[in-house]
Amino acid sequence: MSTASREIVLDFGEKKYFCGLYLDCHLAAAVTSVEKMPRIGDDTAFSEFYIVTVEAYSSRVAFDVPRDAIDPRLLVTDFPGPDRFLEALIIGDDDSLLHPRTMFRLL
């Protein structure tokens, strides 16, 4: 049951799989690197920018994280759509109601 599940935190390189309407589950994402920087171009972070490389999306995202943050994590979800509504009703799915999230550890 979703309420009995616990939050999952994935380490670097561990994959989170996404299943579109349960027809396939081949799309996976993984955090492969994290860099900390005080500046990006002309933008100065309030504390530190985390530059996160997410494999599968070939993307790098940046966000400002307080220096005293303890155990920062990243939540990656699939695009909201009709399947997301259906998944909210499926027991055990990461998107189901009351189910703890699967997140990526950043440190």
Give me the pairs, please: first residue somewhere in segment 1-30 and small (Gly, Ala, Ser), second residue anywhere and at pLDDT 65 or above and part of a strand (DSSP E or B), beta-carbon distance under 6 Å, and either six or more positions apart or on two chains.
GLY13/ALA30; ALA28/TYR17; ALA29/LYS16; ALA29/VAL54; ALA30/GLU55
Output the residues belonging to segment 32-68 that are among the β-branched types (Val, Ile, Thr), under 16 Å from ARG105 (Cβ atoms) and in contact with a Pro (Cβ under 8 Å, 6 or more places away or on another chain).
VAL65
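Take the conditions of a type in the set (A, V, I, L, M, F, W, C), within 23 Å of ILE8 (Cα to Cα) and modelled with pLDDT of 85 or more and apply them to ALA45. Does it pass?
Against the criterion (of a type in the set (A, V, I, L, M, F, W, C), within 23 Å of ILE8 (Cα to Cα) and modelled with pLDDT of 85 or more), ALA45 does not qualify.
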Failed criterion for ARG6 (all others in (1) in contact with a Pro (Cβ under 8 Å, 6 or more places away or on another chain); (2) modelled with pLDDT under 80; (3) assigned to a strand (DSSP E or B) hold)
(3)
Say we look at segment 44-75 and pick out the residues that are part of a strand (DSSP E or B) and among the small types (Gly, Ala, Ser); which of these is nearest to ALA29 (Cα to Cα)?
SER59
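So in segment 49-107, with the set limited to residues that are of a type in the set (Phe, Trp, Tyr) and at pLDDT 70 or above, which one is nearest to VAL34 (Cα to Cα)? Steps first, please.
Here is the first cut: in segment 49-107, the ones of a type in the set (Phe, Trp, Tyr) are 49-50, 57, 63, 79, 85, 104.
This time we only want the ones that are at pLDDT 70 or above, so: 49-50, 63, 104.
Details: PHE49: 10, TYR50: 6, PHE63: 11, PHE104: 11 Å.
Once the filter is applied, the top-ranked residue is TYR50.
The values are calculated or read from the model by the stated rules, or taken from the named source; none is laboratory data. Note that the coordinates shown come from a computational prediction; the quantities given were computed from them, not determined experimentally. With ideal geometry, Cβ positions are generated from the backbone for all residues, glycine too; neighbour counts draw on all protein chains shown.
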